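These notes concern the structure reproduced below.
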Amino acid sequence: MPNDLAPIAERAAAPETLPELTAGGLTWRPATVDDAPALTELLHVIGDADREPYRETLEEVRDDLTAPWKRLETDSMLGFDADGCLVAAGFADTRPGDLRTVRAFVFGNVHPDRRGEGIGTQLQAWLIARGRQLLAASGKELPARIATFAEDDAPASKLALHEAGGFELRRWFADLKRPLGDEHPIREVELAGSLRLVPWSQELDEATRLAHNDAFRDHWGSEPIAAEQWTRGRSEFAPTWSWLVVDEAPDVAALLAADDTDPETRAALEAGEPLVVGYQMASRYEGAFALRGYSFGYTDLLGVRRAYRGRRIALALLAAGMRSFAADGMEAAVLDVDTASPTGADGLYASLGYVKVSGSHMASIEL
């Protein structure tokens with residue numbers, strides 16, 4: 001057990017029963033996939049009221065609700081008014097791949113017209129209690145975390161609600177934009193040796209997952225992504241905007257001898273499978289173009305295997321992505337970065353002309 005922690009069942013302090021939801025006179029029940037349209041509409045109303053820089057599409061919401069590891073019947077709650085309109089929604093979520101810190105993510109939303117009635121307070125209490133139950137049931141004797149997210153400029157009432165629930169700010173993220181077009185030339189980047197820039201392909205997708213898990217192993221709060229997670233959330237994925245770097249002649253013996261080569265990568269190397277050493281996975285969030293006032297390509301994931309850092313791989317991937325965006329007429333390249341990234345990514349982006357347009361944060365209860 002790490003650092004002589006108390007058993008997870010003890011630390012989680014999970015209640016036997018969940019708090020009642022009575023505020024606002026709502027009728028509550030678990031979510032189903034059929035609720036995706038109503039949930040999407042609620043999230044859009046909240047996004048408009050709170051001036052959030054994104055809007056989930058129906059496809060994104062449905063994809064999230066159908067994730068194979070989710071148990072909507074026990075880990076979600078929707079509140080409806082007397083007319084059957086969706087007023088509030090809450091979800092607790094755990095991920096199957098957690099190996100260093102076992103996490104429960106909680107997300108709660110209340111219609112702007114129904115705030116101030118105690119609905120959010122009760123829903124948050126329900127979510128935290130359910131998060132504690134999920135952590136206790138995990139059986140993983142690891143550090144544990146209940147986490148939630150918010151925009152830095154979210155309504156003060158939402159930020160105060162999180163604080164009252166025991167959440168403390170832990171990590172900050174910056175949404176960055178880099179203009180495209182002839183007046184903003186894209187740097188030419190050459191890769192050395194046996195490194196090759198190639199388009200993303202389905203055949204290299206699993207090798208990309210392994211590269212991602214290695215690249216983010218030393219990032220705070222990051223956990224390995226299991227195969228079933230990796231292919232989810234791709235309703236807006238843009239394959240033609242996504243690029244990989246492969247090593248066509250890797251030093252397999254050295255990689256196998258390294259103490260920090262993970263078991264999945266070892267198995268892939270021993271099987272002679274391709275070695276992806278860097279990746280830039282992008283999406284086209286067309287529904288947010290009008291919201292932001294410009295079209296853009298979005299870099300969802302960018303990473304380089306730790307053994308390959310310092311070889312201009314990230315530069316090459318970002319440049320390839322930006323050229324793809326520009327070729328399809330996009331006006332900007334956009335991405336989100338952890339402001340405390342151990343790789344110094346924020347400095348890299350600044351050198352390429354990215355500037356901050358908004359910020360968000362993660363708050364957590366550490367157990």
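The values are calculated or read from the model by the stated rules, or taken from the named source; none is laboratory data. These numbers come from a predicted model, not from an experiment. We place every Cβ from the backbone using ideal geometry, glycine too, and count neighbours over all the protein chains shown. Just the protein is used for accessible areas: all its heavy atoms, side chains included, with ligands, DNA and RNA removed. Shrake-Rupley method; radii C 1.70, N 1.55, O 1.52, S 1.80 Å.
Only one of VAL106, VAL110 is surrounded by 23 or more Cβ atoms within 10 Å (Cβ to Cβ) and in contact with a Phe, Trp or Tyr (Cβ under 8 Å, 6 or more places away or on another chain). Can you tell me which?
VAL106
Residue-wise test of (1) over 26 Å from LEU135 (Cα atoms); (2) part of a helix (DSSP H, G or I); (3) open to solvent by 40 Å² or more (accessible area, probe 1.4 Å).
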position	(1), (2), (3)
THR17	no, no, yes
ASP35	yes, yes, no
THR40	yes, yes, no
LEU43	yes, yes, no
GLY47	yes, yes, no
ALA67	no, no, no
THR74	no, yes, yes
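Please go through region 85-103 and give me each residue that is small (Gly, Ala, Ser) and either surrounded by 17 or more Cβ atoms within 10 Å (Cβ to Cβ) or on the phi > 0 side of the Ramachandran plot (or both), ordered by number.
Listed by number, the residues that qualify are ALA88, ALA89, GLY90, ALA92.
Identify all residues within region 3-49 that are within 15 Å of LEU65 (Cα to Cα) and either touching a Gly at 6+ places or on another chain (Cβ under 7 Å) or among the polar types (S, T, N, Q) (or both); write none if there are none.
Correct list: THR32, THR40.
Table: residues versus (1) touching a helix residue (DSSP H, G or I) at 6+ places or on another chain (Cβ under 6 Å); (2) acidic (Asp, Glu); (3) under 27 Å from ALA340 (Cβ atoms).
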| residue | (1), (2), (3) |
| --- | --- |
| HIS162 | no, no, yes |
| LEU191 | yes, no, no |
| SER194 | no, no, no |
| PRO224 | yes, no, yes |
| ARG234 | no, no, no |
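When the residues of region 254-279 are narrowed to those that are among the charged types (D, E, K, R) and assigned to a helix (DSSP H, G or I), which ends up nearest to ARG217 (Cα to Cα)?
Among them, the one singled out is GLU264.
Just name the residue that is most open to solvent (accessible area, probe 1.4 Å) out of those in region 207-253 that are modelled with pLDDT of 90 or more, in a loop (DSSP other than H, G, I, E, B) and touching a Phe, Trp or Tyr at 6+ places or on another chain (Cβ under 6 Å).
Step by step, filter region 207-253, then rank; the result is GLU236.
Mind listing just one residue for me: the one in region 121-139 that is over 22 Å from the mean Cα position of the chain (by Cα) and not aliphatic (A, V, I, L, M) and, of those, surrounded by the fewest Cβ atoms within 10 Å (Cβ to Cβ)?
Step one: filter region 121-139 for residues over 22 Å from the mean Cα position of the chain (by Cα), giving 121-123, 125-126, 129, 133, 136-137, 139.
If we keep only those that are not aliphatic (A, V, I, L, M) as well, we get 121-122, 126, 133, 139.
Values: THR121: 15, GLN122: 22, TRP126: 20, GLN133: 20, GLY139: 11.
For region 121-139, the residue satisfying everything is GLY139.
Please determine whether any residue of region 142-153 is more than 22 Å from the chain's Cα centre (by Cα) and surrounded by fewer than 16 Cβ atoms within 10 Å (Cβ to Cβ). Before you say what the answer is, go through the steps one by one.
Taking region 142-153 as the starting set, the residues that turn out to be more than 22 Å from the chain's Cα centre (by Cα) are none.
For region 142-153, residues more than 22 Å from the chain's Cα centre (by Cα) and surrounded by fewer than 16 Cβ atoms within 10 Å (Cβ to Cβ): absent.
Does region 316-349 hold any residues that are assigned to a helix (DSSP H, G or I), open to solvent by 20 Å² or more (accessible area, probe 1.4 Å) and modelled with pLDDT under 95, and which are they?
Across region 316-349, the qualifying residues are ASP346, GLY347, LEU348.
Residues to consider are LEU256, LEU352; find the one that is touching a residue at least 12 places away in the same chain (Cβ under 8 Å) and either of a type in the set (Gly, Ala, Ser) or crowded, with 16+ Cβ neighbours inside 10 Å (or both).
Details: LEU256 fails: either of a type in the set (Gly, Ala, Ser) or crowded, with 16+ Cβ neighbours inside 10 Å (or both).
After applying the criteria, what remains is LEU352.
State which residue is nearest to GLY97 (Cα to Cα) when the search covers only region 154-163 and only residues that are more than 21 Å from the chain's Cα centre (by Cα) and open to solvent by 50 Å² or more (accessible area, probe 1.4 Å). First the steps, then the outcome.
Taking region 154-163 first, the residues more than 21 Å from the chain's Cα centre (by Cα) are 155-157, 160-161, 163.
Then keep just the ones that are open to solvent by 50 Å² or more (accessible area, probe 1.4 Å); that gives 156-157, 160, 163.
Working: ALA156: 34, SER157: 33, ALA160: 31, GLU163: 28 Å.
If we take residues in region 154-163 being more than 21 Å from the chain's Cα centre (by Cα) and open to solvent by 50 Å² or more (accessible area, probe 1.4 Å), then GLU163 is nearest to GLY97 (Cα to Cα).
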